[in-house]
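The values are calculated or read from the model by the stated rules, or taken from the named source; none is laboratory data. Owing to the predicted nature of the structure, the values given are computational and were not obtained by experimental measurement. Here the Cβ positions follow ideal geometry from the backbone for every residue, glycine too, while neighbour counts run over all protein chains shown. Protein only, heavy atoms only, side chains kept; ligands, DNA and RNA dropped before computing areas. Shrake-Rupley method; radii C 1.70, N 1.55, O 1.52, S 1.80 Å.
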Amino acid sequence: MEQMTEDERLLDSLGETAFRTMGALTGIAADAGLSLTQLRVLAILRDRRLRIGDLADWLGLERSTMTGLVARASAKGLLAREPNAEDARAVDVVITDAGLELARSLERAMRDAMLPLTTRLPEGDRQELRVLLDRMLR
């Protein structure tokens, strides 16, 4: 059997991390009656307001898909549409108070799900991992 290169081991570890993270997020979203994409929308809009097209771009979705997703979340009282302050023709998607409360609850659930993995590392290693991941993602 061929030995894995360091790059292959890194990709394998990244893949397993992604699978575990996505599994946790999918379960957390389902428990809240949301799709994974709806969970992502709430997380994105916690601290910003975006036009539907910009939100669709952020998530890699078609605008029409995003419009339906926002409509369903709006019907649940989690999102709202508000006029854009800079462009009277544009509409921003914003998180409602109920959506923000749910997003905070989901964030706590995510922390509870992922902490058992991260606390296996000493504090200094966790900080270094965060710095490296931030650098990799930027």
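For the reader, a short list of remarks on this structure follows.
- Per residue, the solvent-accessible area of the stretch 38-135 (1.4 Å probe, heavy atoms of protein chains only, all protein chains present) comes to 65 Å².
- Exposed loop sites here are GluC sites (Glu not before Pro) assigned a DSSP state other than H, G, I, E or B and surrounded by at most 15 other beta carbons within 10 Å; excluding them, the longest clear run of the chain is 3-61.
- Relative contact order (percent, whole number), the chain, Cα cutoff 8 Å, 6+ residue spacing: 21
- Taking the Kirkwood radius as Rh and the Cα radius of gyration as Rg, the chain has a ratio of Rg/Rh equal to 1.06.
- What a 1.4 Å probe finds exposed on the stretch 1-90 is 53% carbon and sulfur by accessible area, rounded to a whole percent.
- Selection among Leu79, Ala103, Pro122 by position relative to the dipole of the chain gives Leu79 as farthest towards the positive end (Cβ unit charges, Cα centre).
- In Hz, Karplus ³J(HN,Hα) per residue of the stretch 37-43 (6.51, -1.76, 1.60; θ = phi - 60°; x = Gly, Pro): 5, 5, 4, 4, 4, 4, 5
- Dipole orientation for the chain: of the candidates Gly15, Val94, Leu55, Val94 has the Cα lying most toward the positive pole (charges on Cβ; Lys, Arg +1; Asp, Glu -1).
- Dipole in debye (nearest 20) - the chain, about Cα centre, beta carbon charges: Lys, Arg +1; Asp, Glu -1: 560
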